[in-house]
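To start, the structure under review is shown below, and the notes come after it.
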Amino acid sequence: MESVETSTAGRTVDGQACRGAEDLPFDVFAKACPSRETLGHVTGRWGSLTVGALYEGPCRFNELRRRVDGVSEKMLSQTLHALERDGIVHREAQPVNPPRVDYELTPLGRRVAERLLALIHLVEEDMPSVMAARERYDAEHPAG
């Protein structure tokens, strides 16, 4: 991307142009564009699984951790913080004893989850083809 000295309608990040098509102000392919970071938060392993799990409805932290099998407490916490900062997840602390914190998707988060879940379902449905491709590949490329 070209380097620019002045910001144009919020489209410049760290001196780098951040623009796509005429109607799109951000370009995820530009290294300095903030949309790339958000895409990473949403499509990373824990981000996509967390967003997908929250599509089913609000969850408490430990419920979410059980649903997203294999995620550590630290990783889930970091993921939730990033998604909350991006406006995809809403965190609500209830003023009760013991403390209760609920997480749920924002309207933006629901739109993102719908698209992610379509991809997740596609992958799940096509796993027999993936498994067959892996077997063929492994037969043609023995380890060693």
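Charge tally around Val130: other residues with Cβ under 15 Å, Lys/Arg +1 each, Asp/Glu -1 each, net -3. Distances between placed amide hydrogens fall under 5 Å for Val89 paired with Glu84, Thr106, all partners being 5 or more residues away or on another chain.
For Val101 and Phe29, the difference between the fully extended length at 0.36 nm per residue and the C-alpha to C-alpha distance is 22.4 nm. What net charge do the residues around Cys59 carry, taking every other residue with its C-beta under 12 Å from that of Cys59, with Lys and Arg at +1 and Asp and Glu at -1? That works out to +1.
The numbers here are math on the coordinates, done by the rules we state, and not lab data. Since the model is a prediction, treat every value here as computed from it, not as a measurement. Cβ coordinates were reconstructed from backbone atoms using ideal geometry, including for glycine residues, and neighbour counts include every protein chain displayed.
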